[in-house]
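This report concerns only the one structure given below.
The values are calculated or read from the model by the stated rules, or taken from the named source; none is laboratory data. All figures in this text were calculated on a predicted structure; none of them were measured in a lab. Cβ placement follows ideal geometry from the backbone for every residue including glycine, while neighbour counts extend to all protein chains displayed. Heads up: the accessible areas ignore ligands, DNA and RNA and are worked out on the full protein's heavy atoms, side chains in. Shrake-Rupley method; radii C 1.70, N 1.55, O 1.52, S 1.80 Å.
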Amino acid sequence: MKEFAGKISASMMCANLANLKETIEVFEKKKIDYLHIDVMDGEFVPNLGLGIDYIRGLREMTSIPLDLHLMINRPEDKLEWLEIHPGDMVSVHIESTIHVQRTLERVKHYGCKTMLAINPATPIYSLEEVLEYIDGINMLMVNPGFAGQKLVQSCIKKAERLEDFLNKRGYSHLLMEVDGNISIDNAKILRGIGADVFVAGSSSIFGGERDQLEDRIDQLYAMIR
Ligand code: DX5
Ligand code: ZN
C-alpha cells in the first residue's frame, strides 16, 4: 500500500443533472479529489457520453480537478479538444490506439497525471514497455461503458498481480486507480491490495437517496484512508 491517503474520483456519469450544482457543492465541502469523466465515442465502447461542452460547464462550476477517462478510439487525435489542466488526471486505453507510447507522451505534455487504462481481458504484461511513461494504471474492474455493472471477479486477483508486477520492476510508486463497481466492500479489498484512486459511482456514493450523499462519501473515505 502507498503511504498517502486513498483518493475518491466521483463518477459524473452517475450524477443527476437536475441537481448537479448541489452535488458539486457537497463534493467541494467534502474535498473530493477528482471528478471522473467518462468520455465515450460509441466506437470504443457501446455508449456515448460526457463531451466537450459538459466538461467546459463543469470547469465553470468548480476547480476540482478532472479525471478524464477517454474511452475513445485514437485519443491522440482528440486530446487538444479537452482543454486538459496540469492538475488533471487523464486515462487513455492501451486498446484504443496502435501508438500507445506516442499517445502517452502527448498526454504528459499537458503536465497532468498520465494514466494508462486496461480492460479486464488485457494482460498485465502489455504494460511492460511503457511503465516509464506513465504516472499510474487505471484498472477497469468491469468492461467499461456503463454504470451499474458487476465487477468481473478475476479482476481482484489481477489487481494483486498488478501490484506484484509493479513492485518487482521498481515501479511501486505508480498509482493504481480502480474503476467499475467500486462498492464500499470492494474498495476495502482493493485498498488492502494497494489501490490509490477509487472511482465512486452508483455502487457507492451515488447508490442511495440524495440526502445520503455526504454519509456515503464519509463511509468510502473511512475505507480507503
Ligand atoms: C466505467 C464507469 C463506471 C461507473 C462507475 O468507465 O466509470 O464504472 O461510472 O460506477 P459504478 O459504481 O456504477 O460501476
Ligand atoms: Zn471510467
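Residue-level analysis places M61 outside the set of residues that are within 12 Å of ligand 1 (Cβ to nearest atom) and open to solvent by 40 Å² or more (accessible area, probe 1.4 Å).
For region 120-146, a residue qualifies if it is open to solvent by 30 Å² or more (accessible area, probe 1.4 Å), among the polar types (S, T, N, Q) and either within 18 Å of V90 (Cα to Cα) or in contact with a helix residue (DSSP H, G or I) (Cβ under 7 Å, 6 or more places away or on another chain) (or both), and exactly one does: S126.
Applying the condition of being buried (at least 18 other Cβ atoms within 10 Å of the Cβ) and free of Cβ contacts under 8 Å to residues at least 40 places away in the same chain to region 28-48 and asking which residue is farthest from I184 (Cα to Cα) yields D41. Taken over region 147-169, the criterion of being open to solvent by 60 Å² or more (accessible area, probe 1.4 Å) and away from ligand 2 (no atom under 16 Å from the Cβ) is satisfied by Q153, S154, K157, E160, R161, D164, N167, K168, R169. The single condition from (1) open to solvent by 30 Å² or more (accessible area, probe 1.4 Å); (2) in contact with a Gly (Cβ under 6 Å, 6 or more places away or on another chain); (3) within 27 Å of N186 (Cβ to Cβ) that P86 fails is (3). When I189, I217 are checked against the criterion of being at pLDDT 95 or above, open to solvent by 10 Å² or more (accessible area, probe 1.4 Å) and either more than 21 Å from V92 (Cβ to Cβ) or under 18 Å from the mean Cα position of the chain (by Cα) (or both), a single residue qualifies: I189.
Within the bounds of region 97-112, is there any residue that is open to solvent by less than 20 Å² (accessible area, probe 1.4 Å), under 20 Å from S9 (Cα atoms) and in contact with a Lys or Arg (Cβ under 8 Å, 6 or more places away or on another chain)? No, there is no match, as no residue in region 97-112 is open to solvent by less than 20 Å² (accessible area, probe 1.4 Å), under 20 Å from S9 (Cα atoms) and in contact with a Lys or Arg (Cβ under 8 Å, 6 or more places away or on another chain). The residues of region 1-26 that are open to solvent by less than 30 Å² (accessible area, probe 1.4 Å) and away from ligand 1 (no atom under 15 Å from the Cβ), listed by number, are K2, G6, N19, L20, I24, V26. In the set S204, S172, only one residue is among the polar types (S, T, N, Q), open to solvent by less than 70 Å² (accessible area, probe 1.4 Å) and within 15 Å of ligand 2 (Cβ to nearest atom); that residue is S204.
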